[in-house]
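For reference, the structure is listed below as structure tokens.
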Amino acid sequence: METSEMPVYGLRQHMAVKDFGTAFGTIFEQVAKDHLQPAGPTGARYYDEEFDREDSDIEVFIPLATKEGANASVGGMTCAKLTHNGGYSTLDESYARLVKWIEENGYQTTGAPYELYVKTGYENPNPATWETDIYFPVGKKQG
């Protein structure tokens, strides 16, 4: 699918998954301080080739209504997308399914994958109701 480019305010650093709350707290404080307008679900982009729950190069972000104040953007490219329903502990299974689909359909990844947290524990504490959209930037394999 073709994704629309989204301006975001993000924080990129080496962190563990357990550090997401602190990182999101930092960027929400900055967005409020700068009077920026959030526009959509929060997300994270993963830059390492191999994901390590304890230490990975990760950017957490908040989509913004306008480019003003944005320090990065997400999307604006062809992506393979899968919607993961359920808790975060089973995200790796959805990632594996999406990577398999990419390989089996003649695509290759062309950039860092990212997630949008569409429905989270803030809306409903039951993980069965959570929804995470996973995006892999892709292009057709050559040759």
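The values are calculated or read from the model by the stated rules, or taken from the named source; none is laboratory data. In this text the structure is predicted, and so the values were computed from the model without any measurement. Note: ideal-geometry Cβ built from the backbone for every residue, glycine included; neighbour counts use all protein chains shown. The accessibility values were calculated without ligands, DNA or RNA, using every heavy atom of the protein model including side chains. Shrake-Rupley method; radii C 1.70, N 1.55, O 1.52, S 1.80 Å.
Brief remarks follow.
- Test: residue in the range 81-103 that is outside any helix (DSSP H, G or I), among the hydrophobic types (A, V, I, L, M, F, W, C) and in contact with a Phe, Trp or Tyr (Cβ under 8 Å, 6 or more places away or on another chain): yes
Rundown of residues vs (1) open to solvent by 30 Å² or more (accessible area, probe 1.4 Å); (2) not aromatic (Phe, Trp, Tyr), yes/no style:
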{"position": "Asn105", "(1), (2)": "yes, yes"}
{"position": "Ala112", "(1), (2)": "no, yes"}
{"position": "Leu116", "(1), (2)": "no, yes"}
{"position": "Glu123", "(1), (2)": "yes, yes"}
{"position": "Pro127", "(1), (2)": "yes, yes"}
{"position": "Trp130", "(1), (2)": "yes, no"}
{"position": "Lys141", "(1), (2)": "yes, yes"}
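- In the condition set (1) touching a residue at least 40 places away in the same chain (Cβ under 8 Å); (2) within 27 Å of Gly139 (Cα to Cα); (3) open to solvent by 50 Å² or more (accessible area, probe 1.4 Å); (4) touching a Leu at 6+ places or on another chain (Cβ under 9 Å), Thr66 is compliant with all but (2).
- The set of residues from the range 19-36 being open to solvent by 30 Å² or more (accessible area, probe 1.4 Å), part of a helix (DSSP H, G or I) and farther than 16 Å from Thr120 by Cβ comprises Asp19, Thr22, Thr26, Glu29, Gln30, Ala32, Lys33.
- Scan of the range 56-80 for residues that are touching an Asp or Glu at 6+ places or on another chain (Cβ under 6 Å), under 11 Å from Met6 (Cα atoms) and part of a strand (DSSP E or B), ordered by number: Ser73
- Residues in the range 42-60 include none that are basic (Lys, Arg) and farther than 25 Å from Ala16 by Cβ.
- Residues (crowded, with 19+ Cβ neighbours inside 10 Å and either in contact with an Asp or Glu (Cβ under 8 Å, 6 or more places away or on another chain) or at positive phi (or both)) located in the range 37-47: Gly43, Ala44, Arg45
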